[in-house]
Ligand code: AMP
């Protein structure tokens, strides 16, 4: 059965980049809650409108909206999903376990991308997304730090053998190699070793 993977880590830790690599080369499906919210915002949907103010402030969008959104976006069983930017809170993590259980999928594998927060802030400041202004960035990191330890503990305690911490300050290719090892995947020809 395809594994599901949860990517944890600070904004700017490179989760999205690594998720893209796994999607393009290993058949995983990236499910980025931030991307789905931005698409909804662009399309002017009720969800996009409800989430807008939170996103602009760098606050978390309420759990009930996010959980419903993820439930609606889940691909059929059989496809391995990378949850990128979700869960961000313990209730979201619990809801995810429940959803995966209902779909007869096992507990997710969790990867924590650890990065120097100063470096991550610098990355965001040069990325230039709408919510990448100094004030919002500061607040997003505050929120990340307030949830980080509880989330790491949740996954490390739930299934210690399925929790991996990766040093995401390393070059992109090294991080990919480490990730492939954690997920027990063979390097593909497209991934430099
Ligand atoms: P991201 O693209 O992951 O940095 O997310 C951008 C913004 O979307 C965040 O600052 C939050 O406002 C919102 N967001 C994304 N994912 C979540 C989530 N799992 N829970 C709550 N809010 C989220």
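Give me the residue from the stretch 160-180 that is in contact with a strand residue (DSSP E or B) (Cβ under 7 Å, 6 or more places away or on another chain) and under 20 Å from residue 118 (Cα atoms) and, out of that set, surrounded by the fewest Cβ atoms within 10 Å (Cβ to Cβ).
167
For the stretch 67-93, name all the residues that are under 20 Å from residue 48 (Cβ atoms), in a loop (DSSP other than H, G, I, E, B) and within 9 Å of the ligand (Cβ to nearest atom).
Once the filter is applied, which keeps residues that are under 20 Å from residue 48 (Cβ atoms), in a loop (DSSP other than H, G, I, E, B) and within 9 Å of the ligand (Cβ to nearest atom), the stretch 67-93 yields 85, 86, 88.
Select from the stretch 94-124 the residues that are within 14 Å of the ligand (Cβ to nearest atom) and part of a helix (DSSP H, G or I) and write down the one among them that is farthest from residue 165 (Cα to Cα).
Among those residues, the one meeting the criterion is 99.
Of the conditions (1) under 30 Å from residue 170 (Cβ atoms); (2) surrounded by 15 or more Cβ atoms within 10 Å (Cβ to Cβ), residue 24 clears all except one; give me its number.
(2)
Please go through (1) in contact with a helix residue (DSSP H, G or I) (Cβ under 8 Å, 6 or more places away or on another chain); (2) under 23 Å from residue 104 (Cβ atoms); (3) surrounded by fewer than 19 Cβ atoms within 10 Å (Cβ to Cβ) for residue 4 and return the number of the only condition it doesn't satisfy.
Unmet condition: (3).
For residues that are within 14 Å of the ligand (Cβ to nearest atom), closer than 12 Å to residue 90 by Cβ and surrounded by 16 or more Cβ atoms within 10 Å (Cβ to Cβ), tally how many sit in the stretch 143-153.
Count: 3.
Scan the stretch 59-81 residue by residue and report those that are in contact with a strand residue (DSSP E or B) (Cβ under 8 Å, 6 or more places away or on another chain) and surrounded by 16 or more Cβ atoms within 10 Å (Cβ to Cβ).
70, 74, 80, 81
Residues of the stretch 29-46 being surrounded by fewer than 20 Cβ atoms within 10 Å (Cβ to Cβ) and part of a helix (DSSP H, G or I), which ones?
Listed by number, the residues that qualify are 34, 35, 38, 39, 40, 41, 42, 43, 46.
Given the residues 45, 3, 17, 33, which is the only one that is within 11 Å of the ligand (Cβ to nearest atom) and either at pLDDT 95 or above or on the phi < 0 side of the Ramachandran plot (or both)?
Criteria check complete, one pass: 33.
Yes/no per residue for (1) modelled with pLDDT under 95; (2) under 19 Å from residue 3 (Cβ atoms):
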position: 148; (1), (2): no, no
position: 156; (1), (2): no, yes
position: 166; (1), (2): no, yes
position: 177; (1), (2): no, yes
position: 184; (1), (2): yes, yes
position: 189; (1), (2): yes, no
position: 192; (1), (2): yes, no
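Would you point out the residue of the stretch 154-178, among those that are in a loop (DSSP other than H, G, I, E, B) and touching a residue at least 12 places away in the same chain (Cβ under 8 Å), that is farthest from the ligand (Cβ to nearest atom)?
Looking at the filtered set, the residue picked out is 159.
Do we find that residue 58 is in contact with a helix residue (DSSP H, G or I) (Cβ under 8 Å, 6 or more places away or on another chain), away from the ligand (no atom under 13 Å from the Cβ), over 20 Å from residue 175 (Cα atoms) and touching a residue at least 40 places away in the same chain (Cβ under 8 Å) in this structure?
no
The values are calculated or read from the model by the stated rules, or taken from the named source; none is laboratory data. Predicted, not measured: the structure shown is a model, and the values here were computed from it. Using ideal geometry, Cβ is built from the backbone for each residue, glycine included, and neighbour counts are taken over all protein chains shown.
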